[in-house]
Structure formats: C-alpha cells, structure tokens
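Working notes, structure below.
The values are calculated or read from the model by the stated rules, or taken from the named source; none is laboratory data. Owing to the predicted nature of the structure, the values given are computational and were not obtained by experimental measurement. Virtual Cβ from ideal backbone geometry, glycine too; neighbours counted across all protein chains shown. Surface areas here come from the heavy atoms of the whole protein model, side chains and all, with no ligands, DNA or RNA. Shrake-Rupley method; radii C 1.70, N 1.55, O 1.52, S 1.80 Å.
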Amino acid sequence: MTSWPKVPLGEVLTSASNRIVLDPESTYSQVTARLWGKGLKLRGQLKGAEISATQQNEVKTGQFVISKIDARHGAFGIVPPELDGAVVSNDFPSFDVDDRRAVPAYVAWVSKTDWFVALCRRASEGSTNRVRLKEARFLAQEIPLPPLADQRSIVARLDAAAEAVASRAHAADAVGAETAAVLRAAFTRIAADAPRVAMAEVAPLVRRPVVIDLDAAYPELGVRSFGRGTFHKPALPGIEVGSKKLFRIENGDLLFNIVFAWEGAVAVAQPEDTGRVGSHRFLTCVPCPERATSKFLRYWFLSEEGLLALSQASPGGAGRNRTLGIKALEKIAIPVPTLDDQCWFDDLQVKANAACVAQGQASGHLSGLLPAMLHEALSPA
C-alpha cells in the first residue's frame, strides 16, 4: 500500500449548520446513523408539531453526519441523495466535505474502516452513560489523504467490489426464493390428495428418561425458532440438575420446543446431536418408519398450514405463556403421502439446501474480500 500523507480531519471537514425553524404543519424526514460504519438512513417522517424541538439542522447530500453519542460505535456517514433536506438534532453534527481536498465517497469509505471507528473512540470522552464525541478532538484526528485522482481510483475499485458483493447476494436470495417455490410446489403436488392421519399415529411421542448421576455431565440440546435447526448448549453438571427431568435425544428425532413451537421451533435431530438431552420442554417424536420421515414432517410443520396448527395447539398469551400441548399435538392431522413420495421429497430438500448453501458460501467468500480490500486500500501506513 502506498504511504499517503496524513492530514487532520479539520482540513477535510468543515462544521456546517443550517438551522431551520420547523413549521408545525410541514412533514420532515429525520436522519439516524446505523452503527459500525453502515451509514445513514431514514429514521422516519414527522410533522413539525410532533418533533420535540422547534428548530433542527437541515442536512445536504454529500455532507458527513456523525452521532455524538454513538460515534465510538461507528454511527456516522455521508448524506445520500434521498436524505437531502432531512433534519437532525444537535446530537448529529454535520460537516461539509472540502471537495478541493477530498471526494465525499472517499470519506464514506474511510469511515467504514475499523481504525476510523477507533479514532472516533479516541475523540469521545465522558462517564459510562454520557460518553460523547468532542468535535474539536475529532477534527484533530488524522486520516491518510491521497491526491484526488487516487481517491477516485480507490473509490471506483471499492464501489465495483461492493456492487459485485451486492449482485452475488441478490443472486443468492433469488436462488433461495426459487428453491423455496420449487419445494412448495413439489410438496403441494404429493400432499394434495394424501390421507390425513393424527400425529400420534404417524410419529408418536417417545420419551427416554435419563437417570441422573450427580458426578456426570449432561450436554443439552436446543431448538432454534423459525426452522433454524438445533444448537448445542453447555453440559449441565449432574449435581445442578436438581428436580429437573432430562430426556435423551437420538438422531432423526422430530423435535419440538413446546414454548416456541408456535413460531417454528421445530427441528430434526442430526447425528451430532445424538446422546444430548433436553428437558420436559423438548418433545421427541419418532416417525413410524413405514409411515413417515422426520424431514417430511418437519417441512409440513414449518409450512403455513403446519405453523397454524401448532399455533392453535399452543394456547395462551405471547412468548412463554404459549405452550404446545402434548395432547393437542397428538391430534394434529398430518398429510401422509406414500413413503416413496416422502423419500423423493426429502431427497429434493437435500439438493435444494445444498444449492442454497453453495450460493451462500460463494456470497460469503466474496463478501470477505471487501473488508480486505478496504484495509489494503485505506489503512494508515
């Protein structure tokens, strides 16, 4: 990396203030800053009468706006065209970028670096709950400043990389959406005329009580909501189990977290989950091998119809007051196509998931290049 000269931010940024008196009947866009260099966004739109202050500072496209309170957490950015004319409070000082010294897009990229966040931290002071950016100290901090032509070249390279990352992410999202649509269509086709059978007949509840040894440790298993699978909890020492009942989990079990089943806390236990334990809040259902597969049942329970059935079987209020009833679960009528059709659909799920993982990995590898390029191009020597 070329060793660029360093200059104080005060040679690039000039404090800007365009105070306006708010009209109670007019609508104003308000700006907020996202953390960790993710830039500015629209906070909301309010009537002047709904804003606590009678005056605000109007910001313009290309200005640099920073949060005094959260600057140390990367809350700042360049005003995009869609926020031109928006308003901010005194807690969000704005600065004009001297276009004779710096390209605003260069400043925007600089502000995304870890070291820029660090210098904002150095420019902030105060007690734990009252740490604020000090403008004079901030403007005294130094950044590398290449010639304008080099700045434009750096911006062009980084913009191109960011566009490639966004394109890859968009492609991954498109593949995911298309894959989900294919699965829904395939499922609908094989389940449309399938007989409905009570859950208790297809995949009855199986409990494997664990006899607690006070000197042993019991690795617990958790089930994430929204169909995001299982996760491993730390081992629970036997002496800390107390009166808690634990049940062994085996590979292929269809698992329900009864507290959050209504929001998709349903999963199939994986080989690496074998031997872990769950409390009474985790139901393990084992499909009859000649009737159904765990993967097929999981897909149905995470479908719109399946989630509705789980919701209706989980009476009570929100959150932990909504608990899946065992008897209610056993009565849920499940579409049960032929076992051959279910196995075909399970194979389709495996291929679809593999395609999504491949897209996600490619997108992740490309995304990882951007921070590296940013570091290489902009880190102080």
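Values computed for the structure shown
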{"read-out": "Solvent exposure ordering (accessible area, 1.4 Å, most first) of His73, His375, His280", "value": "His375, His280, His73"}
{"read-out": "Euclidean distance between Cα centres, segment 113-159 to segment 232-248, Å", "value": "49 Å"}
{"read-out": "Amide H contacts of Val197 (H built 1.01 Å from N, under 5 Å, at least 5 apart or other chain)", "value": "Ile334, Val336"}
{"read-out": "Computed over the chain: relative contact order in percent, which uses C-alpha pairs under 8 Å that are six or more apart", "value": "15 percent"}
{"read-out": "Anisotropy class of segment 221-318 from Cα gyration tensor, a/c 1.5 cut", "value": "oblate"}
{"read-out": "Probe 1.4 Å - accessible area at Thr14, Å² to nearest ten", "value": "80 Å²"}
{"read-out": "Ordering of 168-180, 232-244, 301-313 by packing [mean C-beta count within 10 Å, highest first]", "value": "301-313, 168-180, 232-244"}
{"read-out": "Positive minus negative residues near Ala203 (Lys, Arg vs Asp, Glu; Cβ under 11 Å)", "value": "-1"}
{"read-out": "Local electrostatic count at Ala162 - Lys and Arg +1, Asp and Glu -1, tallied over other residues with Cβ under 14 Å", "value": "+2"}
{"read-out": "Anisotropy class of segment 25-81 from Cα gyration tensor, a/c 1.5 cut", "value": "prolate"}
{"read-out": "Amide H within-cut-off set for Val7, under 5 Å, with H built and near neighbours excluded", "value": "Ile143, Leu145"}
{"read-out": "Rounded accessible area of Lys6 (nearest 10 Å², 1.4 Å probe)", "value": "100 Å²"}
{"read-out": "Residue-by-residue Karplus 3J(HN,Hα) for segment 43-60, coefficients 6.51, -1.76, 1.60, Hz, glycine and proline x", "value": "7, x, 10, 9, 5, x, 5, 8, 8, 4, 8, 8, 10, 9, 9, 8, 10, 10"}
{"read-out": "Set of lysines near Lys244 by C-alpha distance (under 21 Å), chain-local residues within fewer than 8 positions excluded", "value": "Lys233"}
{"read-out": "Low-density loop cleavage sites - GluC sites (Glu not before Pro) in segment 79-169, where at most 13 other Cβ are within 10 Å (DSSP)", "value": "none"}
{"read-out": "Modelled FRET efficiency - R0 25 Å, Asp340 with Arg224, Cβ distances, 0.05 increments", "value": "0.20"}
{"read-out": "C-alpha long axis of helix 148-191 to longest principal axis of the chain, angle in °", "value": "20 degrees"}
{"read-out": "Nearest-ten-degree value, helix 339-378 long axis tilted from longest Cα axis of the chain", "value": "20 degrees"}
{"read-out": "Carbon and sulfur %, accessible surface of segment 40-174 computed with the full protein complex present, 1.4 Å", "value": "48 percent"}
{"read-out": "Residue-normalised accessible area of the chain, expressed per residue, 1.4 Å probe, Å²", "value": "51 Å²"}
{"read-out": "Proportion of all alpha-carbon pairs of segment 1-144 beyond 28 Å (%)", "value": "17 percent"}
{"read-out": "Across Lys41/Lys351; Lys245/Lys331; Lys47/Lys68; Lys295/Lys331, pairs whose alpha-carbon gap is larger than 30 Å", "value": "Lys41/Lys351"}
{"read-out": "Cβ-Cβ FRET estimate between Ala180 and Glu250, R0 fixed at 22 Å, reported to 0.05", "value": "0.15"}
{"read-out": "Estimated dipole of segment 79-222 in Debye, rounded to 20 [Cβ of Lys and Arg +1, of Asp and Glu -1, Cα centre]", "value": "140 debye"}
{"read-out": "Gyration tensor verdict on the chain (Cα atoms; rounded if a/c is under 1.5, prolate if a/b is larger than b/c, oblate otherwise)", "value": "prolate"}
